[in-house]
Amino acid sequence: MIIEPRVRGFICTTAHPVGCARNVRDQIAYVLRQGPVPECPKRVAVLGCSTGYGLASRIVATFAGGADTIGVSLEREPTATRTGSAGWYNNRAFEIEAERIGRSPLTLEGDAFSDELKKTFIDRVREKFGQLDLLVYSMAAPVRTDPVTGKTYRSAIKPLGAPVDIKTLNTETGEVFETTLAPASEDEAAATVAVMGGDDWKRWIDQLADAGVLAPGFRTLNYTYVGSELTWPIYWKGTLGRAKVDLDHKAEAIRGRLGQDAARVVALKAVVTQASSAIPVVPLYGTVLFKVMKQLGLHEGCIEQIDRLFRTRLGPAAEVDEAQRLRLDDWELSPEVQAEVSRRWPLLSTETLGELADLAEYKTQFLRLFGFGIDGVDYAQDVDPRVVPA
């Protein structure tokens, strides 16, 4: 079949197997050019391993650090007439390349929130690794079912307390417009914490620790975003921010059990992901930020960020902020970058977007998530959606 992108709002319902595989290999090539990370943990788990920062973590650990990895993600399998999820293709492309260099990765596809998958995961870790040295938690799901109560929670990305008037962007049309966001109820805020806070992360670590599969010196990382004052009304000061505060509390609890360096929340920069595309104001902020950071030579995508994390922030002397987080958003939040983004912000309109921001780059990066718009791929060629090319 000929596979084309089908975009609906912030979702692309198709993915290209050849394009996804090429995207994975391009990230691997970047990491190989940077050279090895000899002190990288060698037995690494990545929850949310198939796209974005999770996939980048698996790539860096394997191809720069020489690690064997176990990944977990929830994917949609392809059929003869329908493509799979981008992550389904990414997982298999990663495994092909990892096995090519003598590594033996393992991927479990299923609901990482469930205790059933956690039990399967523990069994496979015992069989394959014995114990784990590092676990990266990089999941961003909108819905979670609590395995104890059976209650399903749905996150709500809203402000708290009062309505917020905010500037945002229709990424399909390029229209910049003002919108009013209604505040969340307490039930919606609590549900967002249940989905996007630290409860499931701590549950994973507690069950792994109880099972005896955490090695001495084990560490765990959980990726988050803090953002700038321009995004705070909907992000840090909204329901998402309350969830992120819970994440910090759970990190502290894990450190209380496993040691002072055992758990770190890692604040990363704004990038294009499926999750971030759904947050009001964030796409508009991203289009401006990318243009400014590119002009200053500071722009990074997922693979560049995680490569820098593994090379510069995982040592015992790594600097943390007042909340004990590792900060990789330092370039984004530098005074030089934020001053220029803030200068441009009130000038943004549908007419000035092309001059002040980079919507084309945003759209390009969004489509790349699904294997489209990648150099060297013949999108006019018939492909079998069930096959990932070796």
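The values are calculated or read from the model by the stated rules, or taken from the named source; none is laboratory data. Quick caveat, the model's predicted, so the values are computed rather than measured. Don't worry about glycine lacking a Cβ; one is built from the backbone with ideal geometry, like all the others, and counts go over all protein chains shown. Remember, those area values only see protein heavy atoms, side chains included, never the ligands or the DNA or RNA. Shrake-Rupley method; radii C 1.70, N 1.55, O 1.52, S 1.80 Å.
Just a few scattered comments:
- Residue match in segment 292-300 (condition: assigned to a helix (DSSP H, G or I) and either open to solvent by 20 Å² or more (accessible area, probe 1.4 Å) or among the acidic types (D, E) (or both)): yes
- Count of segment 87-109 residues which are on the phi < 0 side of the Ramachandran plot and either in a loop (DSSP other than H, G, I, E, B) or in contact (Cβ under 8 Å) with a residue 60 or more places away in the chain (or both): 12
- Any hit, segment 2-18, residues being in a helix (DSSP H, G or I), touching a Pro at 6+ places or on another chain (Cβ under 9 Å) and crowded, with 21+ Cβ neighbours inside 10 Å: yes
- G71 vs. criteria without any contact (Cβ under 8 Å) to a residue 40 or more places away in the chain, assigned to a strand (DSSP E or B), open to solvent by less than 10 Å² (accessible area, probe 1.4 Å) and of a type in the set (G, A, S): yes
- Counted as qualifying within segment 131-219 are the strands (runs of 3 or more DSSP E) with 3 or more residues that are modelled with pLDDT of 95 or more and in contact with a Lys or Arg (Cβ under 8 Å, 6 or more places away or on another chain), namely 132-137.
Condition check ((1) in contact with a helix residue (DSSP H, G or I) (Cβ under 9 Å, 6 or more places away or on another chain); (2) among the hydrophobic types (A, V, I, L, M, F, W, C)) across all residues:
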| site | (1), (2) |
| --- | --- |
| I59 | yes, yes |
| G71 | yes, no |
| L74 | yes, yes |
| E77 | yes, no |
| R82 | no, no |
| P105 | yes, no |
| E116 | no, no |
| T120 | no, no |
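- From the list E361, E351, the lone residue that is free of Cβ contacts under 8 Å to residues at least 40 places away in the same chain and either open to solvent by 30 Å² or more (accessible area, probe 1.4 Å) or among the aliphatic types (A, V, I, L, M) (or both) is E351.
- Test: residue in segment 42-58 that is closer than 27 Å to P385 by Cα, modelled with pLDDT of 95 or more and surrounded by fewer than 19 Cβ atoms within 10 Å (Cβ to Cβ): no
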